[in-house]
1. Mind putting a number on the dipole of the protein assembly as shown about its Cα centre? Charges go on the C-beta only, +1 for Lys and Arg and -1 for Asp and Glu, and I need it in Debye to the nearest 20.
2. Per the helix-only calculation at 222 nm, which mean residue ellipticity applies to chain A, given -39500 (n - 2.57) for every DSSP H run of n ≥ 4 and division by its residues, nearest 500 deg cm²/dmol?
3. Let me know the mean shielding of A:132-142 by other chains, meaning the per-residue number of their Cβ atoms within 10 Å of its Cβ.
4. Enter the buried accessible area of the B/A pair, total of both sides, probe 1.4 Å, in Å² rounded to the nearest 100.
5. Taking a label point 7 Å out from Cα toward Cβ, give me the nm distances from A:Ala55 to the same spot in the other copies, shortest first, one decimal.
6. Tell me the distances, shortest first, between B:Arg152 and the same position across the other copies, using label points 7 Å along Cα→Cβ, in nm to one decimal.
7. On the full set of protein chains, 1.4 Å probe, figure out the accessible area of B:Met148 and give it in Å² to the nearest 10.
8. Of the DSSP beta bridges with both residues in chain A, give the percent that are antiparallel, rounding to the nearest 5.
There are 2 protein chains.
Amino acid sequence: MTGPPLALGVLVSGRGSNLAAILDQIKAGRLAAQVRVVISDQPNAPALRLAADQAIPALAIQRRSFANQESFEARVAAELEQRGVELVVLAGFMRLIGPTLIDRFPGRIINVHPALLPSFPGLAAQQQALAHGVKISGCTVHFVNEVMDGGRIIAQTAVPLLEGDTVESLSARILAEEHQLLPLVIGRLAEQIRAEQVSEDGSSQG
Amino acid sequence: MTGPPLALGVLVSGRGSNLAAILDQIKAGRLAAQVRVVISDQPNAPALRLAADQAIPALAIQRRSFANQESFEARVAAELEQRGVELVVLAGFMRLIGPTLIDRFPGRIINVHPALLPSFPGLAAQQQALAHGVKISGCTVHFVNEVMDGGRIIAQTAVPLLEGDTVESLSARILAEEHQLLPLVIGRLAEQIRAEQVSEDGSSQG
């Protein structure tokens with residue numbers, strides 16, 4: 001890949017296991033990216049400590065500290081922009097985002113969802129899958145637009161349901177696949193973004 | 001498996017490639033079933049000739065020959081019942097069926113659908129999948145209720161979409177999986193149905 005590592009901003013609400021998977025791939029030299037900032041809407045999210053432990057700027061930005069969704073998102077966008085973030089990764093970020101943030105990173109926000117979209121968007125996707133009785137679920141990485149879990153799909157992995165599966169056992173198997181898929185997709189997008197930049201540089205010389 | 005081969009009635013509208021797959025498995029001795037009758041709502045369906053060529057009763061029953069959906073379904077049900085059909089298989093049958101038929105074969109009607117339900121029910125499922133941009137589709141065998149493609153799921157197979165896929169290429173790969181999955185499910189149901197009968201016989205002796 002040409003150019004510096006892709007600058008990532010990771011938005012989280014909880015454990016940050018997908019964040020950990022991204023950091024592991026970076027450390028192993030298999031992902032040409034750098035996490036510039038981790039932002040959580042939950043001040044107690046373990047993901048913040050995970051980031052801080054690796055000397056990555058870790059911010060808690062609570063929605064309730066702002067008058068409205070727009071000013072909350074404007075603050076998040078400002079934190080991302082001032083650190084030069086090129087790709088925003090929602091990794092277990094449990095809040096719907098709107099145009100204020102989306103329009104400042106057009107085509108540069110991705111999310112990972114624990115189902116094979118368009119099946120089971122929204123909350124508790126694994127429980128939805130179990131309740132529906134599907135035999136195959138999975139995970140989806142997609143671009144974020146203003147429809148919840150509705151943006152263009154980038155990649156998916158299928159996960160079979162097993163006899164006796166619970167929400168916990170199914171969630172764990174899907175999560176293991178998320179940890180594989182999300183860094184892969186980030187790597188692919190990093191290559192595309194750098195390739196586009198090279199091509200733009202080339203054409204501007206013409 | 002205990003007992004005679006499971007008596008099948010197969011409902012078709014077109015080529016009958018899933019019918020052919022069922023007949024192949026029966027001939028190969030891998031499926032303990034017997035196709036007692038093939039019924040098509042389309043008189044020119046190639047599936048009818050396929051059945052007739054193997055000396056299987058093949059009937060064209062057109063909806064327009066009946067005053068209403070109920071009398072059409074009653075006739076279909078009568079043809080199935082008089083041949084002792086135990087399991088009704090919709091194999092490319094392009095017509096929604098209602099309570100008249102469903103209530104006469106409770107829990108004994110299955111359908112194969114070319115998508116991973118609940119994604120993409122209804123017509124042109126492969127085209128829907130391509131248009132939505134999913135990376136994984138597949139096929140589903142499910143029990144039939146009065147909601148189109150809405151009954152309880154029995155089995156599913158995932159099929160990845162490939163770069164450059166067309167409706168034709170995707171449909172062909174999904175169909176190849178249907179040909180594997182549908183006979184497998186019929187075999188599993190045959191074992192369950194015979195096992196239930198043995199258990200009922202046993203308990204009636206008590």
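The values are calculated or read from the model by the stated rules, or taken from the named source; none is laboratory data. Bear in mind that the values here come from a model prediction, so they are computed numbers and not experimental data. Methodologically, a virtual Cβ is constructed for each residue, glycine included, from the backbone with ideal geometry; neighbour enumeration extends over all protein chains shown. All accessible areas refer to the heavy atoms of the entire protein, side chains included, with ligands and DNA or RNA removed. Shrake-Rupley method; radii C 1.70, N 1.55, O 1.52, S 1.80 Å.
1. On the way: 34 positive and 40 negative charges, 28 e Å.
Dipole of the protein assembly as shown, to the nearest 20 debye: 140 debye.
2. Working: 6 runs with 84 residues, N = 206.
Value at 222 nm, helices only, nearest 500: -13000 deg cm²/dmol.
3. Per residue, the average neighbour count from other chains is 5.
4. On the way: alone 10170 and 10170 Å², together 19130 Å².
Its buried surface, counting both partners, is about 1200 Å².
5. When each copy's label point is compared with this one, the spacings are 8.3 nm.
6. Copy-to-copy label distances for B:Arg152: 4.1 nm.
7. Number for this one is 100 Å².
8. Working: 11 of 28 bridges.
Antiparallel bridges make up about 40 percent of those DSSP assigns within chain A.
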